[in-house]
Amino acid sequence: MGRSGYNWGLMSINRFKSILSKEYRHIFREPRTLWMVFLSPAFVLIALSMVFTSGTTRVDLAVWDQDRTALSRQFIGTLTSDDDFSVRRISGYNDIESSLTARRIDAGVIIPPGFADTVQSGSTASIQVLLDGVDTLAAGEATGSLLGHASKFGAEVSQQYVLSPPSVQIRGQSAYLPESSDRDSMVPGLIPIVFSLPVIAAALALAREREKGTLETLVATPVRGLEYLGGKLIAYVSASLVGLLPVWLAASLLFNVPFRGNFVLLVVLTTDFLMASVGLAIVVGNIVHSQQAATVLSLLVFFVPAFFLSGLLEPIDTTDVIGTIVSYAMPSTHFVTICRAVFLKGASFLELWRPSLMLAALSVIWLTLGALTFRKEIA
Amino acid sequence: MKTMRKRNFAASSMNNLTRRIVDHLHRIWGLALKEFQQLSRDKLLLAFLIIAPLMELLLMGALAGGGIRNLPLAVVDQDRTRASRDLVAKLEQRDEFRIMGYGDSVEEARSWMQGGDVSAIAVIRPGYGAALTDPARSAQVQIIADGSNQVASTVTLAASEDVAAELSRDLVASHQSAGKGPVELRIVARFNAAMEDQPHSITAMLAIIVFEIALVVAAQSIARERENGTLEQLRVTPLGRLDLMIGKALPTLVVGLVDFLLLVGLVVIWFDIPVRGSVFVLTLLTIPFVIAQIGWGTLISLISRTQQQAMLFVFALAMVEVAFSGFLVPASDMPGIMQAVSYVSSLQHYLVIVRGIALRGASLRTLWVPAVSLAGISAGVLMLAWLRLRIGLDSDSLRQRLVRAWRHLGARWSERPSRSRPDGHSAKKRELKREPA
């Protein structure tokens, strides 16, 4: 065997095993690190999922009734008839403006003076609505809800105005989640994000050896680069994979998210995802020289894109080529699709071949890049 | 005579006090200088701290946050009339949709959705066109949205309702000149007349990036000294606890504020989102926000023994804060208990402040609640960090201390009966216990 320097040759099982056991010892030595690698995904998933309700959302409304007639009160009554709005009275335009600015209300409704007279004379009275347009999604929902209540009031009030059925009617249906629960949709989507915790631990483990100089000690031993990286990879992938069980238990038992797929498939594809992510983490760990820099870079690479680019909230717009390329280079993008499909759609492997293949390709790309950047650093 | 001495004493104690304060400032400045030197030595880290956040906001802002667009839609047109083609054209005109393919049956389209190729299906049954010509009947269109992404599914259904309403209006107008009905809503979107999504998401990204940078710098600065053993060296210098905390906090505050100002500049100049309120007030309120992260960072670095642990704590905290920030769900839509918990999230208050000042043009007076909460949180977290610092920086964890205190208590308890009953039984037991040690 002898000192073969630091080249890429065939791997030696023995050397690989000793690196692996060293990595495991690093994880197991500190009980706190151990718990954090295994349990932090489940803990964070629980904390993140707690904020979602399965109920519907309410719109905070302020009403300025300038008319003060029975009819205007009836209009307000229509708004409060169900749980869509929480209504409070307000007087004055400035009150509405300042409440909107201070975000105390989502919308202000102004009923003009002479509202009842206009309606009783058979013509159309206009009601002004001032809406907080900052959150467009919430604003859109509030608009739809207000329009619906206004036409309901119209049908109640006017004898001549019969609410004819609309010519075109939409029968909307939400597939997989008929009762449209935010929580059921978000919990599987958050799983890739919570798994970035143990993955980033791998990036830091690599940066630590470089910062402390123990990497150079390793270079002096017959251990080869591939064996070293392989040991790191297997240690962190397997340690994170054990964390899947508490995550799955939290999702299914605590939050009652339906699990319609195959657990073995989930385990296999999670491994696929973890390989790609740890590969990316190795690249991050190779670029930097200190753990501090590794943390900053991991936050920028794993954290913000995971929320904004992964399709968790906004599905990826595939007509935007650059955006699609960047999103697809992130392992979490494909895993969001996979987790939602396995949990909610009960998808089989054949239906998930595309994201699975993408993840496999990403593992190869990132691991190769990791190996290449690693060699450069040592030379 | 007596009063003279008193005055003298008072004067000398005043002198003492000022001298002590000057001493402290001197030490703090020394530590802060060392921190800045360390930062400037690691050029790569400095680049990550200053340039990377800008790049990140540039990239994220350009690629994401533009709202939901071009959702892949499958059409199952079993009617095949002019009216049905008209409907499909109307759907295609919407920004939200992009027609991915035409299916022969619902089952076929459902299989596409199952594989994730389409996120919505429009089913037009036979007889749709015929129903339209009959004013007494209404023509029905079935829209199946992929509920596995709740946000997209809500947008899908809302957009198709819009299309249906538009078609109905057109048809009624062409049939007869029917009245509008007794009420009409004139809806004005304040602060965002064009209903653009970008300002909403860019402000969230800005707040999250400032948050994470401040947290990481603060958390790793002490954890690093601890892991390398240089913290003990610092502790034998005349630096007090408070000196240590302030000296460590100053560089983070500077980095956080510099990043904040650069990011705001980027938002205003590049993304063309004007800050409607006062930039000065916004910067002023960023200070307690960054200080709160310094408090968290210090606390994290005091309870973790390695930088790896500190990083895991940082990420866990960051995710929890994002969850409670109102970015994923508005705070008012959270379950009751979680709403209460979300008040502890500094990111939530800061997001309200940033959006309030930048997008709604709010003043400090309308934003006093989040401003005071932010100040309260930073004071509270700093207090916790200071208390943790008082417990001691040695390698003992809190758990070890508790275990030792418990053992100590147990030992005293077992000693008491042995004194009154020297029958040798409990003494033997103690003997046995002592053996392994």
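The values are calculated or read from the model by the stated rules, or taken from the named source; none is laboratory data. None of these values were measured; they are calculated from a predicted model. With ideal geometry, Cβ positions are generated from the backbone for all residues, glycine too; neighbour counts draw on all protein chains shown.
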Checked B:V329, B:V290, B:V322 against criteria (at pLDDT 80 or above, within 11 Å of chain A (Cβ to nearest Cβ) and under 30 Å from A:F43 (Cβ atoms)); the one match is B:V322
Just checking, does the range A:245-256 include any residue being closer than 25 Å to A:A329 by Cβ and not small (G, A, S)? yes
Among what's in the range A:114-144 and is out of contact with any helix residue (DSSP H, G or I) (no Cβ under 8 Å at 6 or more places or on another chain) and surrounded by fewer than 20 Cβ atoms within 10 Å (Cβ to Cβ), pick the residue that is nearest to A:D67 (Cα to Cα). A:G114
Checking the structure you have, find out if any residue of the range A:90-104 is touching a residue at least 40 places away in the same chain (Cβ under 8 Å) and within 12 Å of chain B (Cβ to nearest Cβ). yes
Do any residues in the range B:89-118 that are more than 10 Å from every other protein chain (Cβ to nearest Cβ) have Cβ atoms under 7 Å from those of residues that are of a type in the set (D, E), where the two are at least six apart or on different chains, and which pairs are they? B:I99/B:E92; B:Y102/B:D77
Within the range A:201-237, the residues that are of a type in the set (D, E) and surrounded by fewer than 22 Cβ atoms within 10 Å (Cβ to Cβ) are A:E209, A:E211, A:E216
Considering only residues that are surrounded by fewer than 16 Cβ atoms within 10 Å (Cβ to Cβ) and under 24 Å from B:E166 (Cβ atoms), which ones fall in the range B:102-126? B:Y102, B:P126
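Rundown of residues vs (1) closer than 30 Å to A:E314 by Cα; (2) out of contact with any helix residue (DSSP H, G or I) (no Cβ under 7 Å at 6 or more places or on another chain); (3) among the β-branched types (V, I, T); (4) at pLDDT 85 or above, yes/no style:
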position: A:V109; (1), (2), (3), (4): no, yes, yes, yes
position: A:P112; (1), (2), (3), (4): no, yes, no, yes
position: A:V168; (1), (2), (3), (4): yes, no, yes, no
position: A:A175; (1), (2), (3), (4): yes, no, no, no
position: A:S180; (1), (2), (3), (4): yes, no, no, no
Selection from the range B:253-312 of residues that are within 21 Å of B:G380 (Cα to Cα) and assigned to a loop (DSSP other than H, G, I, E, B): B:S304
Among B:G129, B:G147, the single one that is more than 8 Å from chain A (Cβ to nearest Cβ) and farther than 12 Å from A:Q169 by Cβ is B:G129
I need a count of the residues in the range B:85-132 that are under 36 Å from the mean Cα position of the chain (by Cα) and of a type in the set (S, T, Y). 1
Go through A:K345, A:K376 for me and flag whichever is under 19 Å from the mean Cα position of the chain (by Cα), farther than 22 Å from B:M60 by Cβ and modelled with pLDDT under 90. A:K345
Being closer than 21 Å to B:L63 by Cα, in contact (Cβ under 8 Å) with a residue 24 or more places away in the chain and within 14 Å of chain A (Cβ to nearest Cβ), is that true of even one residue in the range B:262-271? yes
Would you confirm, using the coordinates I've provided, whether B:S153 is part of a helix (DSSP H, G or I), modelled with pLDDT of 85 or more and in contact with an Asp or Glu (Cβ under 8 Å, 6 or more places away or on another chain)? yes
Going by the conditions given, is A:L313 out of contact with any Phe, Trp or Tyr (no Cβ under 6 Å at 6 or more places or on another chain), closer than 29 Å to A:D184 by Cα and free of Cβ contacts under 8 Å to residues at least 24 places away in the same chain? yes
Any residue in the range A:349-366 that is within 11 Å of chain B (Cβ to nearest Cβ) sitting within a Cβ distance under 6 Å of a residue that is at pLDDT below 90? List the pairs, counting only those 6 or more apart or interchain. A:E351/B:Q114; A:E351/B:G115
If I filter the range B:313-348 down to residues being in a helix (DSSP H, G or I) and either polar (S, T, N, Q) or not assigned by TED's automatic domain parsing to the domain that holds B:L367 (or both), which single residue comes out as farthest from B:L387 (Cα to Cα)? B:S332
Criterion violated by B:W112 - all others in (1) over 27 Å from B:E196 (Cα atoms); (2) in a strand (DSSP E or B) satisfied: (2)
Of all residues in the range B:150-163, how many are crowded, with 24+ Cβ neighbours inside 10 Å and facing chain A (nearest Cβ under 7 Å)? 2
Residue set B:L257, B:L312; condition surrounded by fewer than 21 Cβ atoms within 10 Å (Cβ to Cβ), without any contact (Cβ under 8 Å) to a residue 60 or more places away in the chain and in contact with a helix residue (DSSP H, G or I) (Cβ under 7 Å, 6 or more places away or on another chain); output residue B:L257
Would you pick out the residues in the range B:349-370 that are part of a helix (DSSP H, G or I) and either hydroxyl-bearing (S, T, Y) or at the interface with chain A (Cβ under 7 Å from one of its Cβ atoms) (or both)? B:Y350, B:V352, B:R355, B:G356
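Rundown of residues vs (1) more than 10 Å from chain B (Cβ to nearest Cβ); (2) within 22 Å of the chain's Cα centre (by Cα), yes/no style:
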| position | (1), (2) |
| --- | --- |
| A:M275 | yes, yes |
| A:V283 | yes, no |
| A:A293 | no, no |
| A:L299 | no, yes |
| A:F308 | no, yes |
| A:D317 | no, yes |
Note on B:A139: of the conditions (1) touching a helix residue (DSSP H, G or I) at 6+ places or on another chain (Cβ under 8 Å); (2) more than 7 Å from chain A (Cβ to nearest Cβ), unmet is (2)
In the range A:259-277, is there at least one residue being charged (D, E, K, R) and in contact with a helix residue (DSSP H, G or I) (Cβ under 6 Å, 6 or more places away or on another chain)? yes
Might you check whether a residue that is on the phi < 0 side of the Ramachandran plot, over 20 Å from the mean Cα position of the chain (by Cα), buried (at least 20 other Cβ atoms within 10 Å of the Cβ) and aliphatic (A, V, I, L, M) occurs anywhere in the range B:297-306? yes
